[in-house]
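Colleague: The structure follows.
The values are calculated or read from the model by the stated rules, or taken from the named source; none is laboratory data. These figures come from a predicted structure and were not determined experimentally. In this analysis, Cβ positions are derived from the backbone assuming ideal geometry, glycine residues included, and neighbour counts consider all displayed protein chains. Note: accessible area is taken over every heavy atom of the protein model, side chains too, but ligands, DNA and RNA are not part of it. Shrake-Rupley method; radii C 1.70, N 1.55, O 1.52, S 1.80 Å.
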Amino acid sequence: MTIAFGPVPSRRLGRSLGINNIPPKSCSYSCLYCQVGATRGKTIQPRAFYAPEENYQAVSEQLEKARSSGETIDYLTFVPDGEPTLDINLGRAIDLLRPLKVPIAVISNASLLWHKDVRAAIGKADWVSAKVDSVIEGIWKQVNRPHEALRLDDIMDGIRQFTRQFHGKLVAETMLIHGINDNEDSVTSVAEFLHEIGVPRAYLSIPTRPTAETGIRGPSELAVNRAYQILANSLPHVEYLIGYEGDAFAFTGDVRHDLLSITAVHPMRESAVRAFLKRAETQWSAVEELVAEGKLKEVDYLGNRYFVRRFAA
């Protein structure tokens, strides 16, 4: 399994070199909209996956390849095939990456922040995104489909404690799903919670890539704007994450490796794949070969064709 990939274009972080510190798919949630697919065996117990030294070696090598190709890197981002805080060595992995002198980000579903050891580990990052799709229990369960042992009150308290303790840049992110958490009551309750705990910046997002379940789509423009206005009335900074992030995926010298590592966690639109192949001076047949070998899968979503990594069952 590829640990480091990219850099990829990030609507939040600029040029992000991804760190896949969790193999597919260890997660505490099985979100309706997850681009990696459904979680077959949910877990909330942190454990060891890759050794921190292995993470460091993979990231430092990918960073060197990217820089040798003229790529700029704005962040090293833990954004794996599952929940990054399930890695019991996350804190140590962040420590080892510090000499690379690139800011470190972690994108988390925030479900384990009630655990003080998890807060201490993720607190070593420079930038953290905490997911808050709903603070109404029935909607939270419908959207995020959490591990049965998780309690929403504990998660909210964990986010609250982390907000007080964290000295880096903290943002919250809410994924809006049509007909589920896009109503006024759900969005207002999220806004009130984020205002109460003092989160300085919130992002509103909608599904833009293939989702775990069919039929999942973003709300209407009216509902998205309403959600924005509700949050903006309570928080100092609110931004949309509703546009396509672009086609500027990095080529670091190995077409097959790059395509498979990126699509493992980041479905690529066909236009992005074609732009990538053009920079790599490689023919479309390289993609056809990966599809024929069962390593890539074609998926249609909202009128666009995407390519995603196919994993063994």
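Colleague: Since G138 meets every condition but one in (1) crowded, with 23+ Cβ neighbours inside 10 Å; (2) out of contact with any strand residue (DSSP E or B) (no Cβ under 6 Å at 6 or more places or on another chain), which condition does it not meet?
Modeller: Condition not satisfied by G138: (1).
Colleague: Being open to solvent by less than 10 Å² (accessible area, probe 1.4 Å) and not β-branched (V, I, T) is the requirement here; does S10 meet it? Quick ask: steps written out before the conclusion?
Modeller: Values: open to solvent by less than 10 Å² (accessible area, probe 1.4 Å): no; not β-branched (V, I, T): yes.
So S10 fails the test.
Colleague: Hey, among F49, F5, which residue is part of a strand (DSSP E or B) and more than 16 Å from A125 (Cβ to Cβ)?
Modeller: Working: F49 fails: part of a strand (DSSP E or B).
Answer to the selection: F5.
Colleague: While we're here: For a quick check of your reading: which strands (runs of 3 or more DSSP E) sit entirely within the stretch 229-313 and have at least 3 residues that are buried (at least 18 other Cβ atoms within 10 Å of the Cβ) and modelled with pLDDT of 90 or more? Explain how you work it out, then say what you get.
Modeller: Details: elements: 237-241, 296-301, 304-309.
Fully inside the stretch 229-313 and qualifying: nothing.
Colleague: Now a separate question. Among the candidates F193, F162, which residue alone is in contact (Cβ under 8 Å) with a residue 60 or more places away in the chain and either closer than 18 Å to P236 by Cα or not in a loop (DSSP other than H, G, I, E, B) (or both)?
Modeller: F193
Colleague: Filter the stretch 196-226 down to the residues that are assigned to a loop (DSSP other than H, G, I, E, B), farther than 19 Å from E239 by Cβ and not hydroxyl-bearing (S, T, Y) and list them by number.
Modeller: Passing the criteria: P210, A212, E213, G215, I216, R217.
Colleague: Sticking with this one: Which pairs do you get when a residue that is closer than 17 Å to V36 by Cα, found in the stretch 75-86, comes within reach of a residue that is among the basic types (K, R) and surrounded by fewer than 24 Cβ atoms within 10 Å (Cβ to Cβ), reach meaning Cβ atoms under 6 angstrom, with the pair 6+ apart or on two chains?
Modeller: What qualifies is D81/K25; G82/K25.
Colleague: Scan the stretch 129-137 and tell me whether some residue there is assigned to a helix (DSSP H, G or I) and aliphatic (A, V, I, L, M).
Modeller: Here is the first cut: in the stretch 129-137, the ones assigned to a helix (DSSP H, G or I) are 137.
Those still in the list that are aliphatic (A, V, I, L, M) too: none.
No; the residues of the stretch 129-137 include none that is assigned to a helix (DSSP H, G or I) and aliphatic (A, V, I, L, M).
Colleague: Name the residue, out of G198, G179, that is more than 21 Å from the chain's Cα centre (by Cα) and under 29 Å from V299 (Cα atoms).
Modeller: Working: G198 fails: under 29 Å from V299 (Cα atoms).
The conditions single out G179.
Colleague: Got a number for residues in the stretch 124-157 being within 17 Å of the chain's Cα centre (by Cα) and either at pLDDT below 95 or within 23 Å of P200 (Cβ to Cβ) (or both)?
Modeller: Result for the stretch 124-157: 9.
Colleague: Determine whether G82 is within 24 Å of S205 (Cβ to Cβ), surrounded by fewer than 19 Cβ atoms within 10 Å (Cβ to Cβ) and of a type outside the set (K, R). Quick ask: steps written out before the conclusion?
Modeller: Values: within 24 Å of S205 (Cβ to Cβ): yes; surrounded by fewer than 19 Cβ atoms within 10 Å (Cβ to Cβ): no; of a type outside the set (K, R): yes.
Considered against the rule, which asks whether it is within 24 Å of S205 (Cβ to Cβ), surrounded by fewer than 19 Cβ atoms within 10 Å (Cβ to Cβ) and of a type outside the set (K, R), G82 comes out as no.
Colleague: Look through H195, H167, H178 and report the one residue that is closer than 18 Å to V106 by Cα and open to solvent by 60 Å² or more (accessible area, probe 1.4 Å). Quick ask: steps written out before the conclusion?
Modeller: On the way: H195 fails: closer than 18 Å to V106 by Cα; H178 fails: closer than 18 Å to V106 by Cα.
H167 is the lone residue from the list that is closer than 18 Å to V106 by Cα and open to solvent by 60 Å² or more (accessible area, probe 1.4 Å).
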